[in-house]
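Structure first, commentary second.
The values are calculated or read from the model by the stated rules, or taken from the named source; none is laboratory data. Bear in mind that the values here come from a model prediction, so they are computed numbers and not experimental data. Cβ placement follows ideal geometry from the backbone for every residue including glycine, while neighbour counts extend to all protein chains displayed. All accessible areas refer to the heavy atoms of the entire protein, side chains included, with ligands and DNA or RNA removed. Shrake-Rupley method; radii C 1.70, N 1.55, O 1.52, S 1.80 Å.
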Amino acid sequence: MKIIETSRRKFLQGSVSLCVYATSSLANPFITTKTTLKRNVKNIPYLCNMCRNKCAGFARVENSTITKLNPNQYFPKSRNMLCPKGNAGIQAVYDKDRLKYPLIRLGKRGSGNYKRVTWDEANEYIKEKLVKIIDEQKDNRSTIAYCNGEGFNKDEYIKFFGGKIGSANFLDEGSICLNTKLGATQLTIGDIGEMDVAGSDYLIISGANRYESLITPDSVDMLHTKQKLVVLDPRCTMTAIKADEFLPINPGTDLAFCLSMIYIAIKDKLYNVEYVKEKFDDFDKLKEHILLHKYSAKWAESKTHIPAEKIEQVTREFFAASNPLYYLGRRSVWSQNDFQFRRAMVLINALAGSINRKGGIIFGKPIKLNQEEIIEPLYNAAEGRFDLDGIIYGSSNGGSWLNFRDKVISKSAPYPIKAMFIRKHNLMQNMPNIAKTKKMLEMMDLVVVLDTMPSDTAMMADVILPECTYLEREDMVVSFSRLEPSLALRNEVIKPLYESKTMQDILKGLGKKLSVPLFEVSAKYDEDLQDSITELGKVKAFEEGGYDLAELYRNNVSERNKNLITKQFGYKVYSSLKTKGVWHPFIEKQKNLGNNLYEYYPEEKRYYSVDKKYRVKCYIEKLAKNGSDALPTWHDSYDFKVKENSFRMITGRYVTSTQTASTNNVMLRDLEATNHIWINDSVAKKLDIEEGDNIAVSSSIAKVVIKAYPTNKIAPNVVWFAHGFGMHSDELTNAFGNGACDNQIIEDSFEKVYGCATMHHTDVQIRKL
């Protein structure tokens, strides 16, 4: 990134700051272990942000410098555990490449040339661009798209851009992550539920790699419980190695395995008859459908490559177990049948009676937090979202990324998207066919990125706003877990470094700058607002109409937390959150059982089963009316077929990677330096490929180069490599050009129930260089 200063004064300021940095503790490469002789030590509770699990910890702060991160024994969700990513979170603060001050682009988009500006200059630039865009679009606020990945503050971000500014076009990670799972569960049993892995005595996992890609306390639960573990995966992962049964399966055929389990359970009446009689709707339709299609174990063997006798064995063991669980997974969508695959898993659990009971899918009793109220303006000219056209359900909140992108670049949307605000979303890495994403961003009149790092997406921005890291801010209190519910608070560990700001302070500054000018645009086009101004006067119409975009930020986060928590729960709970970072009803009575095991809730107080009215819906009429399958069904188009001299590419991630957010983290790079392509060793031998050789991997849309890893742990017609590598931003000095990016060559296709990107349908060719 070429930072071009606009004056000698600013140049000297930059020089001075560099000199201070070079002589300060921030420049110390051993900052993560540094201690001082004369110490002012504090241990401050915080919540991790290195993955979606949000484990609790204590940060050791010495003379305003974070020197160590430790686990928090009070949090039932993380249970005194901090994984490698969590420990490396300290590097997010002290990464020398992090964004330090606001930047405005110079030259062509994507060139990486920026000038350093003040916050006011950045906000003024955004105001001028945005007011012009909204005016040209006659107050259609949905001409602005905005996105935010998983994590805290998403709801506030939506309130600001959706509720206050008025855009309908919010996009999140759901359509490139979990929406089919969430939707399938919600539509089948009326709730997304939570999986009680620790309470299960027989666990089946399809593809989710809990011992390698995401090591969290519920992964550790699997080690401490007496359960049989069966793993289906095209690749022999660490989870597969630790399983009692590893069943190698053809990619995309897990649905066939599930259909066969349902067939055997119904045909031989292995299912929980009483539960089905009490809770199921349209069981007769499911029974007729499954038996008519004859989804036998022999049939499933022809699809999955799993021996029929093994399918029979696993099915009978599963339904004979006391607390069986077919784990629904926490991973991306793989294939066109993913929604029906997830539906089939829910139905298998339901047939076994493993809903709303220990070891199954539980509803639990989460602690409900009161919501802060704000006034949201009504914008008559704001149009609705368009990316759910052609999608049967979809998420009205997070939409469908690939459908949205296709409509924007093809100009088939009913109105243009002129501006995009991007936070916690690396669009240039996180979805298939990066070339299309680049084209979409190049079409924008304004792209604003809020980020901590100079990511590939940040390099496409007109304005970069440096957000502080999770250890430099306090966030709003959050409710966690259904089985052992608790409240947790991310406390500010140190003040934001450089000129970075919290998201709340960034939006507050934008809100103050934009409120009146955007109100004036609405007053030009909105007849209802014109009538309100005539009746009330401009000032009162502005105030009572909710046009103050910074309304939520009249109080800072600390004040908002204190007011909300003490009003709803009392000061004692607030005090616990500030000193321990956590509160739950039994926090003063929790027991240390030894060997780093804790009892938080007494067994009899855990919410395995709750009084809840629900039905298991076998048949979904809306699917049938929209040309889809009302019941899980196999189609010949789902068969696994790969052309000669081609390979089905599948993807995943290492435990050291959180998508691309941690790719520049030097502590994690020390554990996993780069990614490699897994190739079956017999295939590699025929192609004269050895470990470490450079391999060109080509699909129909692009080519990448990656180092080879021949192994017998993958099938001959499948290759695999990890997501989170192959960065193109040369400002990421530890990540630039390291390894290959999977989404550069994955073809863009999405299933039509929720509009989710399918990640495991691309065939590739490989060649030794």
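General observations
- Selection from N717, Y754, V764 lying farthest towards where the dipole of segment 636-768 points positive, charges on Cβ: N717
- Computed P(r) (all Cα pairs; segment 507-631; 5 Å bins; percent): 2, 8, 10, 8, 8, 8, 7, 8, 12, 16, 8, 4, 2, 1, 0
- Contour minus Cα-Cα distance for K512 and S412 (0.36 nm per residue): 32.6 nm
- When the C-alpha to C-alpha distance is required to be over 22 Å, the pairs from K54/K228; K368/K572; K108/K439 that qualify are K54/K228.
- Pairs beyond 32 Å (Cα-Cα), from K127/K154; K100/K407; K85/K411; K181/K686; K685/K752; K129/K622: K100/K407; K85/K411; K181/K686; K685/K752; K129/K622
- For T711, distant residues with modelled amide H under 5 Å away: I679, N680, D681
- Bridge type composition, the chain - antiparallel percent by DSSP, nearest 5: 45 percent
- Residue-by-residue Karplus 3J(HN,Hα) for segment 720-733, coefficients 6.51, -1.76, 1.60, Hz, glycine and proline x: 9, 8, 7, 6, x, 10, x, 6, 9, 7, 6, 7, 8, 5
- Cα gyration tensor shape of segment 636-768, rounded if a/c is under 1.5, else prolate or oblate by comparing a/b with b/c: oblate
- The order of Y415, Y525 by accessible area, most exposed first and with a 1.4 Å probe, is Y525, Y415.
- These residues, D268, D531, go from largest to smallest accessible area, 1.4 Å probe, as D531, D268.
- Degrees, to the nearest 10: 8-23 long Cα axis against longest axis of the chain: 50 degrees
- Debye, to nearest 20: dipole size of the chain, +1 on Lys, Arg Cβ, -1 on Asp, Glu Cβ: 1560 debye
- Listed residues K613, K501 arranged by accessible area, highest first, probe 1.4 Å: K613, K501
- Anisotropy class of segment 342-384 from Cα gyration tensor, a/c 1.5 cut: oblate
- Contact order relative to length of segment 636-768, as percent, for alpha carbon pairs under 8 angstrom and 6 or more apart: 34 percent
- A simple spin-label model places pseudo-atoms 7 Å from Cα toward Cβ; at K108 and K285 they are separated by 5.6 nm.
- For the chain, with +1 on Lys and Arg beta carbons and -1 on Asp and Glu, the positive-most of N40, I695, S646 along the dipole: N40
- Signed unit charges on C-beta, dipole axis of segment 540-589, positive-most listed residue G581, Q568, N555: G581
- Mean separation of Cα pairs under 8 Å and 6 or more residues apart, divided by the residue count, gives the chain a relative contact order of 19 percent.
- Solvent-accessible heavy-atom area per residue, rounded to whole Å², over the chain at 1.4 Å: 40 Å²
- The equivalent ellipsoid of segment 440-596 has semi-axes of 39, 25, 13 Å, largest first, where each one is the square root of 5 times an eigenvalue of the Cα gyration tensor.
- Prolate/oblate/rounded call for segment 78-179, Cα gyration tensor, a/c under 1.5 rounded: oblate
- Computed 3J(HN,Hα) for segment 410-422, one whole-Hz value per residue from the Karplus formula 6.51 cos²θ - 1.76 cosθ + 1.60 where θ = phi - 60°, is 8, 6, 9, 5, x, 8, x, 9, 9, 9, 9, 10, 10, glycine and proline marked x.
- Here K605 is the anchor, and the lysines within straight C-alpha reach of less than 17 Å, apart from those fewer than 8 places off in the same chain, are K77, K358, K365, K589, K591.
- The loop-placed GluC sites (Glu not before Pro) in segment 489-598, going by DSSP, that have at most 11 neighbouring Cβ atoms within 10 Å of their Cβ come out as E588.
- Helix 179-189 and the longest principal axis of the C-alpha atoms of the chain enclose an angle of approximately 60°.
- Share of carbon and sulfur in the accessible heavy-atom surface of the chain [1.4 Å probe, %]: 49 percent
- Annotation: aspartates and glutamates with alpha-carbon distance below 20 angstrom to K540 (same-chain offsets under eight excluded): E373, E376, E520, D526, E527, D528, D531, D548, E551.
- R0 of 25 Å, Cβ-Cβ distance L292-K625: FRET efficiency to nearest 0.05: 0.75
- Descending Cα extents along the principal axes, the chain, whole Å: 78, 66, 61
- Here the 3J(HN,Hα) profile of segment 737-745, calculated from phi with Karplus coefficients 6.51, -1.76 and 1.60 at θ = phi - 60°, is x, 9, x, 10, 9, 5, 6, 5, 10 Hz, Gly and Pro shown as x.
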